[in-house]
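Engineer: My questions will all concern the structure given below.
The values are calculated or read from the model by the stated rules, or taken from the named source; none is laboratory data. None of the values given here were measured: they were computed from a predicted structure. Backbone-built Cβ (ideal geometry, glycine too); neighbour counts: all protein chains shown. SASA here: full protein model, heavy atoms, side chains in, ligands and nucleic acids out. Shrake-Rupley method; radii C 1.70, N 1.55, O 1.52, S 1.80 Å.
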Amino acid sequence: MVLSRTTTESNEPVSSTFGSRYALTALPKYEIGESSIPKDAAYQIIKDELMLDGNPRLNLASFVTTWMEPECDKLIMDSINKNYVDMDEYPVTTELQNRCVNMIARLFNAPLGDTETAMGVGTVGSSEAIMLAGLAFKRNWQNKRKAEGKTYDKPNIVTGANVQVCWEKFARYFEVELKEIKLSEGYYVMDDPEKAVEMVDENTICVAAILGSTLTGEFEDVKRLNDLLVKKNDATGWNTPIHVDAASGGFIAPFIYPELEWDFRLPLVKSINVSGHKYGLVYAGIGWVVWRTQHDLPDELIFHINYLGADQPTFTLNFSMGSSQIIAQYYQLIRLGFEGYKNVMENCRENMLVLKEGIEKTERFNIVSKDVGVPLVAFSLKGQSFHSEFEISEMLRRFGWIVPAYTMPADAEHITVLRVVIREDFSRTLAERLVADILKVLHELDTLPSKISRKMGAEDFGNVKGKKVKREKLMEVIVGWRKFVKDRKKMNGVC
């Protein structure tokens with residue numbers, strides 16, 4: 001501990017934080033304190049409390065980047081005090097954002113000439129990006145309906161029930177009906193584009209396709225959706241477009257599935273969002289949305305403001321925004337290049353296959369995820385187990401792992417899965433260690449009371465120590481254990 005000679009109001013010398021009165025005093029929680037405390041004491045006390053958080057590197061629930069190179073960390077700290085909105089004061093930062101937009105648009109095969117500028121913007125994440133894309137679709141649809149002299153008060157979006165919650169937020173906040181294709185056991189994405197196209201009507205502002213479902217990592221068939229929608233548009237004259245939510249898959253597909261047609265190569269794809277803070281390999285706080293052409297973003301949605309002496313065009317839901325994540329994205333794009341991103345994504349895919357193979361060898365789980373898609377492994381217990389995925393998730397926390405367990409959306413709620421997201425910093429060694437820890441958890445669960453009921457036959461539970469054991473009694477033990485785990489889960493705040 002670094003020694004400090006800070007003097008308090010009472011002239012109390014503070015030689016060590018833990019030797020001072022600040023280690024004994026309760027800190028303010030709901031009201032600002034009356035007096036100041038030394039900076040080293042404030043730092044140490046907050047740092048100590050943060051130790052109770054999980055380890056981000058072992059948070060296998062999250063798609064968000066948890067490691068970057070030290071050189072990029074330094075760039076982030078060097079620019080952390082720059083407000084991106086001050087474009088006239090920080091013109092180079094604005095230029096770097098424009099470079100990122102153009103690189104990403106071309107990565108997604110936008111129809112641009114060598115000297116043409118792409119249309120897009122950096123956001124605080126894919127949620128804001130989706131809001132902006134949705135607003136553009138809604139305004140274009142309204143303008144078209146007005147020109148045709150038709151009503152424009154009942155817009156809708158067609159998508160699968162596996163969409164991220166930000167789509168529900170958009171629909172509720174901006175008064176758009178969300179028409180969802182329900183899931184079923186074994187089908188956890190919009191696997192049948194025919195159903196989506198059937199739901200399209202004259203009030204549909206767009207169909208949203210997901211390139212990388214958060215549930216299972218699967219890529220939806222955007223090309224088939226495009227081809228079917230082209231036929232319907234030809235028959236109806238509606239010209240219903242497609243938005244691709246590539247939050248997770250946008251920085252994966254171009255590098256390891258280049259033959260997959262999902263982007264601006266398809267004529268009805270008018271906008272794409274992607275999360276820079278996921279497989280764009282930047283810390284949390286950066287997303288992108290790009291449009292096919294300038295025509296696809298209505299000019300009336302772009303604000304031109306005179307702020308600090310310059311005209312600044314802006315299309316965002318926020319105003320102030322940090323510059324550091326934009327600069328970090330540019331660092332990754334030029335540092336890694338196509339080759340570097342390809343190597344990272346290939347490594348993620350290979351480590352995903354290693355983990356999948358290890359889980360399969362336990363012979364206790366069904367693999368729910370697919371090999372093609374976002375590198376993750378989603379798996380559920382086989383058969384009628386007397387234990388649950390939630391118990392496994394809870395017990396893995398003791399080894400430091402944060403592995404989420406969750407139920408599927410509507411019409412598939414009876415399916416519970418565990419999910420492990422493979423990020424850049426998840427090595428083969430960690431994959432093998434996780435499998436070993438899962439085996440330890442399974443072995444421990446097998447020794448718990450529910451082992452009795454599982455080993456007994458379905459029609460005859462037999463005698464235990466000379467006493468007839470009824471199914472009801474055994475189920476009481478099981479229900480009691482599940483309640484215990486549920487209560488512990490609430491107490492510990494498991495993700």
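Engineer: Using +1 on the beta carbon of Lys and Arg, -1 on that of Asp and Glu, and nothing else charged, what's the dipole of the stretch 75-336 about the Cα centre, debye to 20? Mind dumping the intermediate values first?
Structural biologist: Details: 24 positive and 34 negative charges, 28 e Å.
Dipole size: approximately 140 debye.
Engineer: Shifting gears a bit: Sort the following peptides by mean Cβ neighbour count (other Cβ atoms within 10 Å, averaged over residues), highest first: 275-283, 378-386.
Structural biologist: Result, highest mean first: 275-283, 378-386.
Engineer: Here's a follow-up. Can you grab the distance from the C-alpha centre of the stretch 309-374 to the C-alpha centre of the stretch 118-163, Å, no decimals?
Structural biologist: Computed from Cα coordinates, the inter-centre distance equals 25 Å.
Engineer: What FRET efficiency, computed as 1/(1 + (r/R0)^6) with R0 = 35 Å and r the Cβ-Cβ distance, is obtained for Ile305 and Lys232, rounded to the nearest 0.05?
Structural biologist: The computed FRET efficiency comes out at 0.30.
Engineer: Going down the list Lys169/Lys342; Lys169/Lys195; Lys39/Lys278; Lys144/Lys223; Lys169/Lys270, which pairs span over 27 Å between their C-alpha atoms?
Structural biologist: From the list (Lys169/Lys342; Lys169/Lys195; Lys39/Lys278; Lys144/Lys223; Lys169/Lys270), the Cα-Cα distance tops 27 Å for Lys169/Lys342; Lys39/Lys278.
Engineer: Just for the stretch 75-336, what percent of DSSP beta bridges are antiparallel, to the closest 5?
Structural biologist: 55
Engineer: Between Ala42 and Glu95, what is 0.36 nm times their sequence separation minus the Cα-Cα distance? Round to one decimal in nm.
Structural biologist: Details: separation 53, 0.36 × 53 = 19.08 nm, distance 3.82 nm.
Once the chain is fully extended between Ala42 and Glu95, it gains 15.3 nm.
Engineer: A further question on this structure: Carbon-plus-sulfur fraction of the accessible area of the chain, 1.4 Å probe, in percent?
Structural biologist: Summing carbon and sulfur atoms, their accessible area is 53 percent of the total for the chain.
Engineer: Only bridges with both residues in the chain count here: give the DSSP antiparallel percent, nearest 5.
Structural biologist: 65
Engineer: Now a separate question. Mind listing the long-range amide H neighbours of Gly285? Cut-off is under 5 Å, sequence gap 5 or more, other chains count too, H placed in the peptide plane at 1.01 Å from N.
Structural biologist: Correct list: His277.
Engineer: May I ask you to compute the full-extension gain from Glu444 to Lys223, defined as 0.36 nm times their residue separation minus their alpha-carbon distance, rounded to one decimal in nm?
Structural biologist: Values: separation 221, 0.36 × 221 = 79.56 nm, distance 4.67 nm.
Working it through step by step, the gained length comes to 74.9 nm.
Engineer: Can you order the peptides 66-78, 184-196 by their average number of other Cβ atoms within 10 Å per residue, highest first? Working shown, then result.
Structural biologist: On the way: 66-78: 13.9, 184-196: 17.5.
So the peptides 66-78, 184-196, ranked by packing, come out 184-196, 66-78.
Engineer: So for the chain, taking the charge dipole from beta-carbon charges (+1 Lys/Arg, -1 Asp/Glu), which of Phe251, Ala118, Gly217 sits furthest toward the positive end?
Structural biologist: Gly217
Engineer: Show me, for the stretch 45-55, the HN-Hα J-couplings you get by feeding each phi into the Karplus relation (A = 6.51, B = -1.76, C = 1.60, θ = phi - 60°), rounded to Hz, glycine and proline as x.
Structural biologist: These are the phi-based 3J(HN,Hα) values: 5, 5, 4, 4, 5, 5, 4, 7, 5, x, 7 Hz.
Engineer: For the pair Asp73/Phe18, report the inter-label distance in nm, with labels modelled 7 Å from Cα in the Cβ direction.
Structural biologist: 2.4
Engineer: Oh, and also: Only Lys, Arg, Asp and Glu count, each charged at its Cβ (+1, +1, -1, -1), so figure out the dipole size of the chain about its Cα centre, rounded to 20 debye.
Structural biologist: Using only the charged Cβ atoms, the result is roughly 1960 debye.
Engineer: Taking amide H positions as placed 1.01 Å from N in the peptide plane, with prolines and chain starts having none, which residues 5 or more places from Ala246, or on another chain, fall under 5 Å of its amide H?
Structural biologist: Result for Ala246 returns Leu211, Asn273.
Engineer: Tell me which GluC sites (Glu not before Pro) from the stretch 356-412 have a DSSP coil assignment and no more than 14 other beta carbons within 10 Å of their own.
Structural biologist: Taking the stretch 356-412 and a limit of 14 other Cβ atoms within 10 Å, the loop GluC sites (Glu not before Pro) found are Glu363.
Engineer: Taking the Cα centroid of the stretch 178-239 and of the stretch 38-91, what is the distance between the two, rounded to the nearest whole Å?
Structural biologist: Measuring centre to centre over Cα atoms gives 38 Å.
Engineer: To the nearest 0.05, what FRET efficiency results for Ile334 and Ile367 with a Förster distance of 45 Å applied to their C-beta separation?
Structural biologist: 0.75
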